[in-house]
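Okay, structure first, notes after.
The values are calculated or read from the model by the stated rules, or taken from the named source; none is laboratory data. Keep in mind that what you see is a predicted model, and the values were worked out from it rather than measured. Here the Cβ positions follow ideal geometry from the backbone for every residue, glycine too, while neighbour counts run over all protein chains shown. Please note that ligands, DNA and RNA were not included when accessible areas were found on the heavy atoms of the full protein model with its side chains. Shrake-Rupley method; radii C 1.70, N 1.55, O 1.52, S 1.80 Å.
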Amino acid sequence: MRCVSPETAQRLMRAGALLVDIREADEHARERIPGAVLNPMSAWDDSEASPEQTLIFHCRSGSRTAMNTDRLAAKAGACDWYVVDGGVEAWRKAGLTTITDRSRPIDLQRQVFIVAGGLVALGVVLGILVSSWFLTLPMFIGVGLTLSGLTGFCGMARVLALAPWNRRASSLMAA
């Protein structure tokens, strides 16, 4: 994996390289780099990029690209490819332009973290102050998160996706 700074990535783009955002559509809608093409890893097939194309992959912080170098290499095939070191966060910190739409909800994964963390904290506080039976709430959340990690299915994310703010966002993305 060849990491490049945001400034180098921008220079490569000016020379014709394609910047590929591997995040999900909800993340891309909230904040994106101008000129980046959305191609979520969750929707990838086995096809490879054209060997003549230079690709630059990015995610939010660089973690997702670092964890998926084998998949990125397979997608890039024989073409030159790079990864933006630090992702969108580094791009923004370098003073380069991003397009931000604060009317879009934060991504579902972060929403799950917020709700799960809040329910665990609430269950512990109520378990200490009211009744030990409330400690079943953090236990239930912990089991749910563990099963989610093992199976890839997150019931809480499915429920949150139905929330009015997320349904509005998905209808806007389809338009």
Would you kindly derive the ³J(HN,Hα) couplings of the stretch 40-50 from the backbone phi angles with the Karplus curve 6.51 cos²θ - 1.76 cosθ + 1.60 (θ = phi - 60°), listing them in order in whole Hz, with x for Gly and Pro?
x, 4, 5, 10, 5, 10, 8, 6, 10, 6, 5
Check: the chain dipole with +1 on Lys, Arg Cβ and -1 on Asp, Glu Cβ, in debye
540
Charges only on Cβ, +1 for Lys and Arg, -1 for Asp and Glu: so what's the dipole of the stretch 85-153 about the Cα centre, in debye to the nearest 20?
140
Suppose all protein chains stay in the model; what accessible area per residue would a 1.4 Å probe give for the stretch 1-65, in Å²?
50
For the stretch 96-175, what mean projected area does the convex hull of the alpha carbons give, in nm²?
7.7
Quick one, what does Rg over Rh come out to for the stretch 8-65 if you take C-alpha atoms and the Kirkwood Rh?
0.95
Under-5 Å amide H pairs with Glu31, H placed in peptide plane, nonlocal only
Asp101
Could you list which residues have their amide H under 5 Å from that of Cys3, counting only those 5 or more apart in sequence or on another chain, with H placed in the peptide plane?
Val83
On the accessible surface of the stretch 31-110, probed at 1.4 Å, how many percent belong to carbon and sulfur atoms?
44
Return the percentage of antiparallel bridges among DSSP beta bridges fully within the chain, rounded to the nearest 5 %.
15
Of all alpha-carbon pairs in the stretch 105-149, indicate the percentage at a distance above 11 angstrom.
64
Determine the calculated [θ] at 222 nm for the chain from helices alone, applying -39500 (n - 2.57) to every DSSP H run no shorter than 4 residues and normalising by the residue count; nearest 500 deg cm²/dmol.
-15500 deg cm²/dmol
Table column - 3J(HN,Hα) (Hz), the stretch 87-97, Karplus curve with 6.51, -1.76, 1.60, x for Gly and Pro
x, 4, 4, 5, 4, 5, 5, 6, x, 8, 6
Hydrodynamic radius (Kirkwood) for the chain, which is based on Cα pairs only, to one decimal in Å
18.2
